[in-house]
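All remarks here apply to the structure that follows.
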Amino acid sequence: MNGQVFEKNSHAVRRGWKVKTQTLLVLAVVASVLFTSACGRKGPSEPTAEAKAKASAAAPAPPVDVATAPAITRSLQRGVEVVGSLAADEEVVVSAQVPGELAQLNVDFGGFVTRGQIIAQLDQRDAKLKVEQAEATLKQTMARLGMSDGEKFDANRTADVRVAKAQLDWEKMNLDRQARLVEKGDISRALYDQATTTHSLAQARYQAAVDSVNQQLALVEQQRASLNLAKKAVSDTVVRSPINGSVKEKHTSRGSYLPVNGRILTLVKINPLRLRADIPEYAAASVRTGQTMNLTVEAFPDRTFTGRVVRIGASLNEQTRSLTIEAEVANPGNLLRPGMFAKSTLVTSKDAPAVMVPLRAVQNVAGLNKVFVIENGRASERIIKTGASDGDLIEVVAGVKSGENVATSNLDKLQEGSAVNNR
């Protein structure tokens, strides 16, 4: 009995919890529906940021005030930029032409010399003694011949030749006489043959005398040449500068003994200088002798020096595909020095037409140059290719035509299609 009562009570409790749970679920669903309905019926609120941006984009942007300038055409100097090194126009190693002790050295490293200036002198004592010896030998030979300086010499006037000539004449006369006698039969044929032989001997002695005199004359000429060489050796002891220039290197000092071709100084001619440069292959066809080259060096960054193309290479370098040229650069003040590195421009045309715009109109964005061309009150963005600069103007190789107006102010506020007010 009690068990039945407990079972009934337990069943009643479970049924009560089930009813409560279902009631709570229904209340939760009803609350959710009411909340959603309330949100759906919420009144108008303020617009969001996204809505504001859309509304702003839909509204037209106000015009941008800009200043403009026309693209103009003007004559521009065209050139090819190259680099090169300056070199001496001439370089000479001054050497001793005769052996001897260096008695004087009148210049030193870095000094300037002029052509013909005495820069060194060797000891002359040995050379002068050789001159005296050559003069004595010549006088002895001339005395043997009976010659005098400045007198026209006749070989037939020498004693040996006169004796031989007299003997020859006598034997010739005797031969003629013997020939007449033999024809008449007054003398034997043997005597005539003897006279013929004697005449031949006399003729040979005469020729030998003449040849001997001629040999002596040749010896005189040889000794005169030796005397001239000895005199030249004396003059060669005086060393003169062969060029106008400066001393690049000093190889010896006073008191040194110099052999033949012993080096004394190295001289360089630095006015004018040579500029050797390599022209790229694309510009090789435009190179001509006489063209101007403008160059600058680091030692004088604010000065521009001028040169002139004087030599052009016969062919291009196979490795670099460049054409080597040489320009002559005037250096009157000796400011430039051989070995200086020079940045130069080869002027290929002095009055080539070019489209120019103000430099302030050009923007560089991500490595690209661009301008805004103003057309019908709107900005049109153009990507351009620039060239040479000329003051506050820059050349436009492609992208803008002459006469078109470009914006020069408020460029950061412009974009493609922007409305503008041209001030």
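Assorted remarks:
- For the stretch 277-292, filtering for residues that are closer than 15 Å to ARG308 by Cα and at pLDDT below 90 leaves 1.
- Test: residue in the stretch 135-146 that is out of contact with any Cys (no Cβ under 7 Å at 6 or more places or on another chain) and under 30 Å from ILE264 (Cβ atoms): yes
- Residue-level check: of (1) at positive phi; (2) surrounded by 15 or more Cβ atoms within 10 Å (Cβ to Cβ); (3) of a type in the set (Lys, Arg), LYS231 misses just (1).
- Filtering the stretch 197-255 to residues that are under 22 Å from LYS130 (Cα atoms) and among the polar types (S, T, N, Q) leaves GLN216, GLN222, GLN223, SER226, ASN228, SER235, THR237.
- Flag for ARG115 being modelled with pLDDT under 90, over 22 Å from VAL260 (Cβ atoms) and of a type in the set (Lys, Arg): no
- You will find that of GLN104, GLN167, the residue that is touching a residue at least 12 places away in the same chain (Cβ under 8 Å) and either in the same structural domain as THR196 (by TED's automatic domain parsing) or assigned to a helix (DSSP H, G or I) (or both) is GLN167 and no other.
- One residue from SER200, SER226 being within 30 Å of PRO259 (Cβ to Cβ), at pLDDT 85 or above and part of a helix (DSSP H, G or I): SER226
- Among (1) surrounded by 11 or more Cβ atoms within 10 Å (Cβ to Cβ); (2) out of contact with any Pro (no Cβ under 8 Å at 6 or more places or on another chain), the one test that LEU368 misses: (1)
Per-residue answers, yes or no, for (1) outside any strand (DSSP E or B); (2) out of contact with any Pro (no Cβ under 6 Å at 6 or more places or on another chain); (3) touching a residue at least 40 places away in the same chain (Cβ under 8 Å); (4) outside the structural domain of LEU275 (by TED's automatic domain parsing):
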| residue | (1), (2), (3), (4) |
| --- | --- |
| ARG303 | no, yes, no, no |
| VAL309 | no, yes, no, no |
| GLY313 | no, yes, no, no |
| THR324 | no, yes, yes, no |
| ARG337 | yes, yes, yes, no |
| SER344 | no, yes, yes, no |
| VAL357 | no, yes, yes, yes |
| ARG360 | yes, yes, yes, yes |
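- Residue check for VAL213: at pLDDT below 85, among the aliphatic types (A, V, I, L, M) and either surrounded by 13 or more Cβ atoms within 10 Å (Cβ to Cβ) or in contact with a Lys or Arg (Cβ under 7 Å, 6 or more places away or on another chain) (or both): yes
- Any chance SER75 is hydroxyl-bearing (Ser, Thr, Tyr), modelled with pLDDT of 90 or more and either assigned to a strand (DSSP E or B) or touching a strand residue (DSSP E or B) at 6+ places or on another chain (Cβ under 9 Å) (or both): no
- Scan the stretch 374-383 for residues that are among the aliphatic types (A, V, I, L, M) and either modelled with pLDDT under 90 or within 16 Å of ASN421 (Cβ to Cβ) (or both) and the total you get is 2.
- Matching residues in the stretch 275-290 - criterion: being of a type outside the set (S, T, N, Q) and surrounded by fewer than 21 Cβ atoms within 10 Å (Cβ to Cβ): ARG276, ASP278, PRO280, GLU281, TYR282, ALA283, ALA284, ALA285, VAL287, ARG288, GLY290
- Test: residue in the stretch 404-413 that is surrounded by fewer than 17 Cβ atoms within 10 Å (Cβ to Cβ), in a helix (DSSP H, G or I) and touching a residue at least 40 places away in the same chain (Cβ under 8 Å): yes
- Here PRO242 meets each of (1) over 30 Å from GLN97 (Cα atoms); (2) in a loop (DSSP other than H, G, I, E, B) with one exception, condition (1).
- Check on THR252, touching a strand residue (DSSP E or B) at 6+ places or on another chain (Cβ under 7 Å), outside any helix (DSSP H, G or I) and under 16 Å from VAL98 (Cα atoms): yes
- The residues in the stretch 303-320 that are among the charged types (D, E, K, R), more than 15 Å from the chain's Cα centre (by Cα) and modelled with pLDDT of 90 or more can be counted, and the count is 1.
- Among residues of the stretch 313-344 being hydrophobic (A, V, I, L, M, F, W, C) and farther than 16 Å from SER85 by Cα, the one that is surrounded by the fewest Cβ atoms within 10 Å (Cβ to Cβ) is ALA314.
The values are calculated or read from the model by the stated rules, or taken from the named source; none is laboratory data. Fair warning: this is a prediction, and the values are worked out from it, not measured in the lab. Glycine also receives a Cβ, built like all others from the backbone with ideal geometry; neighbour counts cover every protein chain displayed.
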